[in-house]
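The values are calculated or read from the model by the stated rules, or taken from the named source; none is laboratory data. None of the values given here were measured: they were computed from a predicted structure. Glycine gets a Cβ as well: all are built from the backbone with ideal geometry, and neighbour counts include every protein chain shown. To get the accessible areas, we keep the full protein, side chains included, count just its heavy atoms, and leave off ligands, DNA and RNA. Shrake-Rupley method; radii C 1.70, N 1.55, O 1.52, S 1.80 Å.
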Amino acid sequence: MAVEELQCIIKRCQILEESDFKEEDFGLFQLAGQRCIEDGHVDQLLEIVQDEKNKTIIKSMGWNLVGPVVRCLLRNGEEDKRGDCLLMFDLLLKLCNPKELLLGLLELIEEPSGKQISQIILLLLQPLQTVIQKLPSNKAYSVGLALSTLWSQLSLLPVPYSEEYTQIDDYGLCQCCKALIEFTRPFVEEVVDNKENKENEKLKDELLKFCFKSLKCPLLTAQFLEQSEDGGNDPFRGFACEIIGFLSQIGHPVPKIILNHGRKKRTWDYLELEEEEDRQLADAMASLTYLVFVQGIGIDQLPVVLSPSYLLQLNMEHIELFLQRTEQSIFSKGLELLEKSLLRLEDNSLLYQYLEIKSFLSVPQRKKGLAMLQLYIDKLDSQGKYTLFRCLLNTSNHSGVEGFIIQNIKNQIDASFKKTCNKWFAGPQLISLLDLVLFLPEGAETDLLQNSDRIMASLNLLRYLVIKDNENDNQTGLWTELGKIENNFLKPLHVGLNMSKAHYEAEIKNSQQNSQVASTCKGVCSVTVGGEEIPTMPPEMQLKVLHSALFTFDLIESVLARVEELIEIKTKSTSEENVGIM
């Protein structure tokens, strides 16, 4: 029935000029052709399309058959029709209006979701390339429209987050990236071969936008294999190399992009990017920086005269962007880029002036491994270390980090004793820093358990200073400030320890009593410590927690007693020496 309807429509249109075809004819042709495919008459439809007498009709109306033919090719269980559908598809691509075909193919690419996205893209990329190359004009616009549509669909696919998932490529993203490079390559070559052509300038701009988008997705999130492994099997590394290669071919090599990015007038500002595209550009630049400095793609293009400190300054904006993200795959790239940038520097060579740059102070405050923070500290000069220590002590609000910083302060003081005296870690400058270390934030009411790491580090630093610095020498200024240290730190710590120990001892007694009651009930109980209830747990577990807290207080008290003993010995010894001199 559908075949007869289609033949009837064609017979009526054969006697008409192309200009006389009505809109109604187009609709009836599409509907009848679609029903032929659905009813299983693909072979008969192919004969109609192949018939030379129908060439004018097919040229004008045939693009309406592209959608039904492509859907048939993608359907499971239609393998017997596949050969005829492919022949018909090829004929339609040769005969139909390329402009209509372009729009029809892009509509088909936009339709699917999930795993079907990659299936239709892999099927249509080559035909889409052929159609665009047949267009008589406005090729740049058509290439831009196609690349934008393809990228929008690919950006919906999940990026594999491990080597295993990359190899499985469940959603076909890796295959699509490889195919997309082959789709884009002829247009890049066209720009290279015809540099003076004004139309190709527009084409170059569209390719530049596409490359920036690709750097953001999928390359910003993509995980790369170790460089020591077989790089040829890493699809994302291959894709990154091609994209960076395309940028270079169209006149935007790595040095030009990276070294011009921070300038007020960037080389691509003329593109007049929309607001969303401009936001994407920041991600793209961070991604490119990671690819160059961590993965080493295109790094050989950079001038060797660039200093490590300049490159670090260049990268800090991108490092900060990475570390602000919550996605682990992106956040980890910030750490890698920071590490690579710092390792190029010699120890103590990073001038303190770099901390005047906002990102230099904000980056170390991000949550990350202490090993990375230590590397950062090692590279700063003395004034930079001092400034960073002050900043982190004022802002970290994390006892472990503060304890780590205080240990580093001790290391710098020790180095100052052993080498030439360092003014930043001796005398007035050091005293100013110690004011941030040797005190309790809330006096005797400070939560000693929560702040135990900081308190222990502070006591160990104070013990070191008392042992190392004689009162008569007073290189650190400690002995001048001893009264203030006792009032702000040692005395409140004594009071706080007595209060905390009494509180926890009472809670242990209560817990033991509760455990006896609980043994006849549900076997669990709750304890309130410091105004907060410990999560419900078995009585024996709560007792372990409480005893552990008491052990911490005993440890602090032991070090505190030793510090006070050393102070007494040192002050008594100095007094006796002074009496002897008199």
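Among the listed residues D170, D205, identify the single one that is open to solvent by 30 Å² or more (accessible area, probe 1.4 Å), of a type in the set (D, E), more than 21 Å from the chain's Cα centre (by Cα) and more than 19 Å from I121 (Cβ to Cβ). I'd like the intermediate steps shown before the answer.
Numbers: D170 fails: more than 19 Å from I121 (Cβ to Cβ).
Residue meeting the stated conditions: D205.
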**Report entry** Qualifying position, being in a helix (DSSP H, G or I) and closer than 20 Å to N200 by Cα, among L125, L145, L86
**Finding:** L145
Query raised in the report: Residues in region 5-16: is at least one at pLDDT below 75, open to solvent by 20 Å² or more (accessible area, probe 1.4 Å) and either closer than 25 Å to L150 by Cβ or touching a Phe, Trp or Tyr at 6+ places or on another chain (Cβ under 6 Å) (or both)?
Result: no
**Report entry** Selection count where residues are surrounded by fewer than 19 Cβ atoms within 10 Å (Cβ to Cβ) and at pLDDT 90 or above, scope region 427-438
**Finding:** 6
Query raised in the report: Can you name the residue in region 31-58 that is open to solvent by 20 Å² or more (accessible area, probe 1.4 Å) and among the polar types (S, T, N, Q) and, of all such residues, is farthest from M88 (Cα to Cα)?
Result: T56
Report summary line: When region 245-256 is checked residue by residue, the ones that are open to solvent by 10 Å² or more (accessible area, probe 1.4 Å), within 19 Å of E206 (Cβ to Cβ) and in a helix (DSSP H, G or I) are G245, S248, Q249, K256
Query raised in the report: Do we find that Q167 is of a type outside the set (F, W, Y) and over 20 Å from P112 (Cβ atoms) in this structure?
Result: yes
Report task. With the condition kept exactly as written, say whether any residue in region 69-91 is over 19 Å from E38 (Cα atoms) and open to solvent by less than 10 Å² (accessible area, probe 1.4 Å). Result -> no
Requested in this report: Consider only pairs whose beta carbons are under 8 Å apart and that are at least six residues apart or on different chains; among these, list those whose first residue lies in region 335-364 and is farther than 18 Å from S382 by Cβ and whose second residue is at pLDDT 90 or above and not in a helix (DSSP H, G or I).
Outcome: E336/V294; L337/V294; K340/V294
Requested in this report: Kindly check whether there is at least one residue in region 121-129 that is within 34 Å of the chain's Cα centre (by Cα), at pLDDT below 95 and open to solvent by less than 30 Å² (accessible area, probe 1.4 Å).
Outcome: no
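Considering only residues that are in a helix (DSSP H, G or I), among the polar types (S, T, N, Q) and either out of contact with any Asp or Glu (no Cβ under 8 Å at 6 or more places or on another chain) or under 16 Å from F246 (Cβ atoms) (or both), which ones fall in region 153-203?
Within region 153-203, Q167, T184, N200 meet the criteria.
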Query raised in the report: From the list F224, F239, which one is at pLDDT below 95 and under 19 Å from the mean Cα position of the chain (by Cα)?
Result: F224
Query raised in the report: Can you find even one residue in region 567-578 that is over 30 Å from N472 (Cα atoms), among the hydrophobic types (A, V, I, L, M, F, W, C), open to solvent by less than 60 Å² (accessible area, probe 1.4 Å) and modelled with pLDDT of 65 or more?
Result: no
Requested in this report: Go through region 462-478 and give me each residue that's hydrophobic (A, V, I, L, M, F, W, C) and buried (at least 18 other Cβ atoms within 10 Å of the Cβ).
Outcome: L462, L465, V466, L478
Requested in this report: Give the residue, chosen from D278, D283, that is surrounded by 12 or more Cβ atoms within 10 Å (Cβ to Cβ) and at pLDDT 90 or above.
Outcome: D283
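Taking the options L65, L108, name whichever one is open to solvent by less than 70 Å² (accessible area, probe 1.4 Å), over 29 Å from S155 (Cβ atoms), assigned to a helix (DSSP H, G or I) and touching a Gly at 6+ places or on another chain (Cβ under 8 Å).
Working: L108 fails: over 29 Å from S155 (Cβ atoms).
Result: L65 is the single residue among L65, L108 that is open to solvent by less than 70 Å² (accessible area, probe 1.4 Å), over 29 Å from S155 (Cβ atoms), assigned to a helix (DSSP H, G or I) and touching a Gly at 6+ places or on another chain (Cβ under 8 Å).
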